[in-house]
Amino acid sequence: MASLGVGLHLVRKRGAGRSTAVERRNLLTVCRFSVKTLLDRSCFETIDDSSPEFVNFVSILEHILSHQLKGQTTWFGYESPRSFWDYIKAACSKVPHNCIRSIESMENVRSSRAKGRAWIRVVLMEKRLSEYISSALRDFKTTRRFYEDGAIMLGEEAGLLADTLIGLNTIDFSFCLKGEGVDGSCPAVIDYTPYLKFTQSADSISSDEEEMRTMGSSGSESSTPDKMATAASIFTEQSNLVSKCKRFEQKYRMALEQKVYLEELVRLREAQLSETVSHNKALQQSLEDTHLTHTLEKEQLEYIVLELQDQLTVLKNNDLRSRQELTAHLTNQWPSPVALDANAVALETLLYRKSTGQWEEKKAKPTGTHWPHRGKEETPSLRGLCGSLTSVSSYKSLASLKSSECLASPATEVSSPGVTPS
């Protein structure tokens, strides 16, 4: 019994693994078909919420992002279902200039599934769906934490999925985030019928023709074999012509659609090329103008530097000449030693006469007599009282004595007849 239980467990595990692999392969294949359908449809009309191809693509992408998604464990040990928006919110938070906060702040989008659908529409309009998926796949720890083994997001096919979604960046989507498309109450259902196509082989067609001939021969006994053969050949030719016409019509429509798409793409590229060429010419002209302006400014600055150097040389020469003139002027105005000695003698005479009070007229005395000294000691000179007459301060003192009202002019006193004390 134990071996039987183990065998059943292995069979169930293999069956579950096969179903997971088949589901993963189907979703990736249908996703590629859906992207191609959107690219073909975008050549003729704008893709919005009402486009069946877009609705089917969103359903496929939701199934891929929700494939083998782990549930959220509660406090009581139960697992509650989780939406792929929780994974996108955690794994794509490092994408520069992401729209996660904007979607979280939407008032009309409340449920987690509705926020995930709004995110798909926003990143499609921003042409960044592949960038978000690639950034989420690079965060392997977060991806491993949200998905179980065997999930599409953990397999090697996830990188191919991101590369497939790059083609959607060429489509200009237009969505309304307040419509029924972002309603989280409606489940995502995939419509596989647009991607199912049955092609009848040549052997199958020949067997059908043989069956038709057999049925015709058994049903009409009165008809001759020649008439039956003629009818069968006509029917065969007619069916072949109809099938050929359908195939040619389908090829013509496909070629016409590709022609229109390529013409539109060529016009777009020509417009971009002409705009780039004009922009390049404008940049070249701006570069030439900037270079010319730089050259003129450089020449002006060089001329200004040379002129300033000449002015500085002239100012230095003028300053040196002014210094020399000032030195010569001061040297010429300074009194000579002979004049200082004459002024000193006159000053001694004036001071002596003022101190003794002898301003009356002098009389000649007999030989051998001496001038009376009224309590004044004889001194050979009064220079010690006036300081050094060769200094500037002494010269200023002499000028102040000359301008005093109480003193007579030294030149007058010296020139007047008198006797100087011995």
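The values are calculated or read from the model by the stated rules, or taken from the named source; none is laboratory data. Here the structure is a predicted model, which means the values were calculated and not measured. Because the Cβ atoms are built from the backbone with ideal geometry, glycine has one as well, and the counts that use them run over all protein chains shown. To get the accessible areas, we keep the full protein, side chains included, count just its heavy atoms, and leave off ligands, DNA and RNA. Shrake-Rupley method; radii C 1.70, N 1.55, O 1.52, S 1.80 Å.
The HIS291 and GLN311 beta-carbon pair, evaluated with R₀ = 25 Å, returns a calculated FRET efficiency of approximately 0.25. Taking the protein heavy atoms of segment 12-193 in the context of the full set of protein chains, the accessible area attributed to carbon and sulfur is 51 percent at 1.4 Å. In segment 12-193, with Lys and Arg counted as +1 and Asp and Glu as -1 at Cβ, which of these residues, CYS92, THR20, PHE173, has the Cα nearest the positive end of the dipole, that is, farthest along it? Among CYS92, THR20, PHE173, the one farthest towards the positive end of the dipole of segment 12-193 is THR20.
Only Lys, Arg, Asp and Glu carry charge here, each on its Cβ (+1 for the first two, -1 for the last two); on that basis segment 12-193 has a dipole of about 800 debye about its Cα centre. Across every pair of non-identical alpha carbons in segment 12-193, the mean reciprocal distance, once inverted, gives a Kirkwood radius of 17.0 Å. Heavy-atom accessible surface of GLU53, to the nearest 10 Å², is about 30 Å², with a 1.4 Å probe and all protein chains retained.
Highest average first, the peptides 305-315, 165-175, 33-43 ordered by how many other beta carbon atoms sit within 10 Å of their residues are 33-43, 165-175, 305-315. Note down the net charge around ILE60, summing +1 for each Lys or Arg and -1 for each Asp or Glu among other residues with Cβ under 14 Å from its Cβ. Summing Lys/Arg as +1 and Asp/Glu as -1 gives 0. For the peptides 151-158, 93-100, the ranking by packing is 151-158, 93-100, with the highest mean count of neighbouring Cβ atoms within 10 Å listed first. Please go through the residue pairs LYS36/LYS127; LYS89/LYS141; LYS94/LYS141; LYS115/LYS178; LYS36/LYS94 and name each one whose alpha carbons sit more than 19 Å apart in this structure. The pairs that break the limit, which is 19 Å between Cα atoms, are LYS36/LYS94. Each peptide in 267-275, 136-144 receives the mean, over its residues, of other Cβ atoms within 10 Å, and ordering these scores from highest gives 136-144, 267-275.
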